[in-house]
Structure formats: C-alpha cells, structure tokens
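Written out below as structure tokens is the structure these notes cover.
The values are calculated or read from the model by the stated rules, or taken from the named source; none is laboratory data. Source: prediction; values computed, not measured. All Cβ positions, glycine included, derive from the backbone under ideal geometry; neighbour counts span all protein chains shown.
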Amino acid sequence: MNRLPGLDLLRAIAIVWVMLFHALRIGTPSREFSIYGWMGVDLFFVLSGFLIGNQLFKSISQRHELNIREFYISRAFRILPAYLVVMSIYFLVPLTQEGRGLQPLWQFLTFSVNLFIDSKYSNTFSHVWSLCVEEHFYVVFPIIAMLFMNRGGAAKVIILSLVIIAFGMYLRSDIWLNELGSGPFVRLYIEKIYYPTYTRLDGLLAGVLLATLKVFRPQLWGATMKHANKILFVGFSGLALAVWIFQNRFGLLGTVIGFPILSFSLAFIVAGASSSKSILGMYSVPGASVIATLAYSLYLTHKSVFHIVRSTIGTQLSSNGYQEFFVYSMAVFLVAIVLYVTVERPFLKLKVQFLAWNSARFQRTSGIST
C-alpha cells in the first residue's frame with residue numbers, strides 16, 4: 001500500500017501530541033501546545049475512520065462485496081500481538097504499572113476497559129480506552145457498511161453517521177447535566193463522557209463521511225481536492241475554534257459541540273493532507289514516516305516507559321525537567337522500536353502471508369482460477 005506523506009505526518013503529529021500531553025508533569029518544550037495533546041486521540045479517530053472506511057467502501061464499490069472475515073483477520077494480526085504482549089507485561093511486571101491499579105484482566109481481553117473503568121482505584125494502562133473505541137468500531141462498522149450499501153448506498157451511511165453524531169451530542173449533554181453532580185466531577189466526566197464508545201464516535205464517523213465522499217462521489221472529491229490548501233485552512237481555523245472552546249475542557253459547551261467541531265475540523269485537515277497538492281501532502285517530512293510507523297508501539301508503551309524512567313533515575317533528572325523529558329523520549333522510542341521489530345513487524349508480514357494463503361485456499365476449494 002502506498003503511503004501518503006501528508007497522512008504519515010498527521011499520524012506522527014498525533015502520537016507525539018499524545019505523548020507530550022502525558023509528559024506534562026515533567027515539563028515539555030511547549031506547555032501551551034501540550035495541554036491540548038488529548039486532541040491527538042481525536043486525530044487518530046478521524047484517520048482510522050477515513051482509512052478503514054476508504055478500504056471497505058472501495059471493496060464494496062469495486063467488487064460489490066465485502067469479505068468481513070478477511071477484514072477481521074487483518075485487524076487481529078495488526079492489533080492483537082503487540083497489545084497482548086504489552087498487556088501481559090503490565091500484569092506480570094509491577095514496575096511497569098504507572099497508575100493506581102489495573103482493571104480486571106477480562107476487561108482488557110474484551111476491550112471493555114473504557115466501559116467499566118473505575119479510575120479512582122485503577123487507572124493503569126487506562127490509555128487503551130481509545131483502542132477499545134476503535135475495536136468496537138472495527139467489529140460493527142463493516143457489518144453496517146455492508147448492510148447499508150446493499151440497501152441504498154452512500155446516502156444512508158451519511159444519514160446514519162450524522163444521526164449518531166447528533167445523538168452523541170444529546171447523550172453527552174444529558175450525562176453532563178444529570179449524572180456528574182454526585183462525586184468528583186472530573187473523574188466522573190472521564191468515566192461517563194470521555195471514555196465510553198457511545199459518546200466518542202464523532203471522530204471515527206467524521207472520517208467515515210470523508211471516505212464516503214471519496215469513494216462514492218469521486219468527481220466531487222476530485223474537484224474539492226484541487227483546493228486542498230483552502231481545505232486545510234478551513235480545518236485549521238476550525239481547530240483553532242475547538243481549542244478556544246476547550247479552554248474549559250470539561251465545560252458543557254465543549255462537551256456538546258466541541259467534539260463534533262474538533263472532529264470535522266480534523267477531517268478537513270485529513271482531507272487536505274491526503275492530497276499531494278497540499279502543503280502537508282506535497283513533501284515527505286524527514287522522520288515523519290518512521291514515527292508514523294512506530295505510532296502503535298509508542299501508543300502502547302509510552303506511559304509505562306515514562307513511569308519506569310521516573311521510578312529508576314527520576315531523582316537524578318528531576319532538577320532539570322527538559323533533561324528528564326529528553327531521556328524519557330529516547331527511552332520511549334527505544335522501547336517502541338524493540339516492540340515493533342520483535343512483535344509488530346513480524347506479525348504484519350505473517351498477516352500478508354496468511355491472507356494470501358487463505359485466498360489461494362478459497363480459490364482452490366471454490367474452483368476459481370486466476
């Protein structure tokens with residue numbers, strides 16, 4: 001698959017932004033930038049919705065079918081090996097646990113941590129909440145896409161996506177107004193609004209809407225991409241508005257309209273960056289592709305590595321926050337490289353081999369020749 005330099009750059013920005021957010025306690029090069037690093041997760045959501053939607057819609061458009069089983073196998077090879085390795089280390093090696101405790105093992109195995117977490121007692125490895133959201137999306141979306149494409153096409157996908165986004169706005173407002181007053185506000189906000197899948201689908205669906213436009217309205221997409229830099233301008237303007245709204249991150253305004261504004265703004269940025277005619281997609285930024293390739297391993301391990309650095313040599317580094325941040329960054333990238341080389345990459349290669357074997361086996365058993 002050809003890599004798009006603009007999307008690699010966005011993926012690299014997203015993971016670095018998230019890591020900067022989690023490194024705030026030791027000092028980062030720009031606190032004003034880092035405090036909004038949680039938005040990097042929303043950028044990942046939009047990218048995932050766009051790329052997965054594009055992949056599935058292309059299959060439906062070109063072959064009028066979708067091999068859901070093959071999609072699930074592909075996602076399993078991509079997600080599970082590195083995740084299970086890191087999860088096992090968390091449970092077996094207490095030194096790696098950066099928080100107060102771990103949720104039950106079954107919640108990690110079923111990707112339901114984001115639905116049941118009690119962060120008062122167990123917030124270790126809690127950042128996998130966003131992976132849980134994506135896993136739920138991977139399971140349900142192919143089925144919905146196939147059903148709807150067989151019954152009326154892109155218009156129904158667009159309508160359903162907008163209805164779900166609108167319902168999410170209503171749900172978040174209802175929870176904010178009625179369910180956050182009986183305990184620590186921020187903790188309840190995180191558990192009831194920020195983590196659950198049913199309140200955090202804006203970004204994924206914004207990406208899906210982009211993919212719908214690209215695959216099923218190619219002429220409109222092509223005409224729009226002629227103005228890729230203008231699209232980027234709209235996206236960054238919307239992002240600035242979202243940042244302004246989220247100055248009070250846990251306020252009602254951001255809770256209700258902030259997430260869709262952020263998601264659609266990021267969708268404009270993703271659309272613009274996907275074009276080779278835009279300033280983000282025109283050239284490959286040195287290092288961006290490498291960081292993008294390591295993004296998943298970085299995502300899984302960075303909080304644990306940060307904790308280990310602080311626990312072992314933090315006292316020697318604490319007098320210089322930037323020095324500590326540098327050591328932390330080097331350690332995070334080293335661990336991510338090891339995880340990628342020893343686990344991620346081998347299983348990605350195995351995925352290609354397995355899918356090729358499975359396809360050949362299917363053709364033999366069904367009597368299809370190529």
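Take region 43-58 and flag every residue that is surrounded by 21 or more Cβ atoms within 10 Å (Cβ to Cβ) and closer than 20 Å to Gly153 by Cβ.
Gly49, Phe50, Ile52, Gly53, Leu56, Phe57
So in region 11-63, with the set limited to residues that are of a type in the set (Phe, Trp, Tyr) and at pLDDT 95 or above, which one is farthest from the chain's Cα centre (by Cα)?
So, considering only residues that are of a type in the set (Phe, Trp, Tyr) and at pLDDT 95 or above, the one farthest from the chain's Cα centre (by Cα) is Tyr36.
If we keep just the residues of region 66-88 that are more than 22 Å from Gln353 (Cβ to Cβ) and free of Cβ contacts under 8 Å to residues at least 60 places away in the same chain, which is surrounded by the fewest Cβ atoms within 10 Å (Cβ to Cβ)?
The selected residue is Ser88.
Looking only at region 309-326, filter to residues that are in contact with a helix residue (DSSP H, G or I) (Cβ under 6 Å, 6 or more places away or on another chain) and either closer than 19 Å to Leu95 by Cβ or not in a helix (DSSP H, G or I) (or both); which one of those is modelled with the lowest pLDDT?
Leu317
Here is a list of conditions, (1) part of a loop (DSSP other than H, G, I, E, B); (2) of a type outside the set (Asp, Glu); (3) touching a residue at least 40 places away in the same chain (Cβ under 8 Å), and Ala12 meets all of them except one; can you say which number that is?
Among (1) part of a loop (DSSP other than H, G, I, E, B); (2) of a type outside the set (Asp, Glu); (3) touching a residue at least 40 places away in the same chain (Cβ under 8 Å), Ala12 violates only (1).
Just checking, does region 201-208 include any residue being in a helix (DSSP H, G or I), crowded, with 16+ Cβ neighbours inside 10 Å and free of Cβ contacts under 8 Å to residues at least 60 places away in the same chain?
No.
Quick check, is Gly222 of a type outside the set (D, E, K, R), part of a loop (DSSP other than H, G, I, E, B) and exposed (fewer than 13 other Cβ atoms within 10 Å of the Cβ)?
no
Which of (1) of a type in the set (D, E, K, R); (2) exposed (fewer than 14 other Cβ atoms within 10 Å of the Cβ); (3) under 30 Å from Lys277 (Cβ atoms) is the odd one out, the single condition Arg31 does not satisfy?
With (1) of a type in the set (D, E, K, R); (2) exposed (fewer than 14 other Cβ atoms within 10 Å of the Cβ); (3) under 30 Å from Lys277 (Cβ atoms) applied to Arg31, the lone miss is (3).
Checking the conditions here, which among Tyr170, Tyr195 is over 21 Å from Val41 (Cα atoms) and modelled with pLDDT of 95 or more?
The unique qualifying residue is Tyr170.
Taking the stated definitions as given, is Thr255 touching a residue at least 24 places away in the same chain (Cβ under 8 Å), among the polar types (S, T, N, Q) and in contact with a Lys or Arg (Cβ under 7 Å, 6 or more places away or on another chain)?
yes
Given the residues Val256, Val270, Val332, which is the only one that is in contact with a His (Cβ under 6 Å, 6 or more places away or on another chain) and modelled with pLDDT of 95 or more?
The conditions single out Val332.
Looking at region 239-298 only, could you name the residues that are surrounded by fewer than 23 Cβ atoms within 10 Å (Cβ to Cβ), closer than 25 Å to Glu179 by Cα and among the polar types (S, T, N, Q)?
Of everything in region 239-298, those that are surrounded by fewer than 23 Cβ atoms within 10 Å (Cβ to Cβ), closer than 25 Å to Glu179 by Cα and among the polar types (S, T, N, Q) turn out to be Gln247, Asn248.
Kindly indicate the residue of region 76-108 that is among the small types (Gly, Ala, Ser) and out of contact with any Ser or Thr (no Cβ under 7 Å at 6 or more places or on another chain) and also farthest from Thr124 (Cα to Cα) among those meeting that condition.
The qualifying residue farthest from Thr124 (Cα to Cα) is Ala76.
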